[in-house]
Structures are given as C-alpha cells and as structure tokens.
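See below for the structure under consideration.
The values are calculated or read from the model by the stated rules, or taken from the named source; none is laboratory data. The structure displayed is predicted, hence computed values, not measured ones. Note that we place each Cβ from the backbone using ideal geometry, even for glycine, and neighbour counts take in every protein chain shown. The area values use the complete protein model at the heavy-atom level, side chains included, leaving out ligands, DNA and RNA. Shrake-Rupley method; radii C 1.70, N 1.55, O 1.52, S 1.80 Å.
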Amino acid sequence: AHPTTQFCLEVMEKEVFTRHPSLVIDVGSGSGILAIAALKLGAKSVLGVDIDADSIVNARENANTNHIGDELILSLGSVQEVSDGKFAFRKAPLVVANILAPVINRLFDAGLAGLIEKNGAIILSGILQEQAQSVIAAAQAKGLQLNERKQMGDWVALTMIRPSEIPRDVL
C-alpha cells in the first residue's frame, strides 16, 4: 500500500511490457513483492538480494505462497556480491531498487549502474521529493539518463536508462 511500492509496481509493469526482460535484479528486495511481481509479469528469472537475513526468509515465504520456485533466486548480499559474480547473473535489462535515497546514492558509488545491461533501465523508488535531485545527479554521474519521474505526495519514483554506450570512466 506504500506509494513507493505502488510506483515500482506501476513502472515495472510498463518496463516489463516495453523491454520484455528475461532477467531482473531486485536490490534490497525486502519482502520480495517486486521480484515476485516481475516474474508474474513475464520475467524468466529474478535475482533478489538484501542485506537482512530475515527479509530473505520472508521473501521466500511470500514466493512460496505465490507458487514461485527456483526462478526466484534470493540471497544475502547487495551490489558488490552481484558484481562479483556470486549469483547466476551479474547484469539484467531491468534493475529495481526500492530503498531510501541515501542508500541508493551509496549503491551508485558501489557499482549499481554496472548491474544494468546496455539499453536497460533501473527503477528507483523510496525517494523523498527533496532528495530526488541528489539521486538523479548520482545516476547521471554514472552515465544514466532520466526517463521518467513520478510523484505521489512526498514520494518520488525515477526510471533511469542506461544508454548503449557509457564512457568507461563513469562506471
């Protein structure tokens, strides 16, 4: 019911139907709702990572309730573990991060933009209106381009696109 989750689901539905991603990465997957939704919308495999072990347990329970099996990979970790190749894939055409803005900004410094395939997108939510510009700036510093901004009350969701060519010095 939270606006940030609603944003992610709405934007993800549009992005899945537009991009037809076979793979999705959910950074900070929490309850797993976005990862489960990505699979229900047509993704073939989703990697959900979170730094909270209880979240992983909760997400697996939610996946089981929704008859989701091995197509959802859930594990402890974050951007660094994905980038290091500790999971089935390191990049995806669609990445989702519904976390607070200061965390998103730190994750960009840790390599978040590198998880997005060329011509792929990232959906960012959990952003307060007054923090949106700092997230946009952090993403743009990594070569991403703003595609869409949505707002409900004080909450903002952003869709950023990774163009086919990004100068190596920004990654």
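Put simply, of Val46, Val96 the only residue that is touching a residue at least 60 places away in the same chain (Cβ under 8 Å) and either more than 16 Å from the chain's Cα centre (by Cα) or surrounded by 21 or more Cβ atoms within 10 Å (Cβ to Cβ) (or both) is Val96.
Considering only residues that are surrounded by fewer than 14 Cβ atoms within 10 Å (Cβ to Cβ), of a type in the set (S, T, N, Q) and touching a Pro at 6+ places or on another chain (Cβ under 8 Å), which ones fall in region 111-144? I'd like the intermediate steps shown before the answer.
Kept after step one, since they are surrounded by fewer than 14 Cβ atoms within 10 Å (Cβ to Cβ), are these residues of region 111-144: 118-119, 129-130, 133, 137, 141.
Going one step further and asking which of them are of a type in the set (S, T, N, Q), we end up with 119, 129, 133.
Listed by number, the list holds a single entry, Asn119.
Taking Asn62 as the residue in question, decide whether it is in contact with a Lys or Arg (Cβ under 8 Å, 6 or more places away or on another chain) and open to solvent by less than 70 Å² (accessible area, probe 1.4 Å). The answer is no for Asn62.
How many residues are modelled with pLDDT of 95 or more and within 21 Å of Gln6 (Cα to Cα) if we restrict to region 130-157? Write out each step before concluding.
From region 130-157, those modelled with pLDDT of 95 or more are 130-146; that's our starting set.
If we keep only those that are within 21 Å of Gln6 (Cα to Cα) too, we end up with 130-133, 135-136, 146.
Qualifying residue count for the region: 7.
Taking region 99-110 as the range and being crowded, with 24+ Cβ neighbours inside 10 Å and of a type in the set (Lys, Arg) as the test, no residue passes. The helices (runs of 4 or more DSSP H) found entirely in region 1-66 that carry 3 or more residues being touching a Leu at 6+ places or on another chain (Cβ under 9 Å), over 21 Å from Ala88 (Cβ atoms) and modelled with pLDDT under 95 are 3-19.
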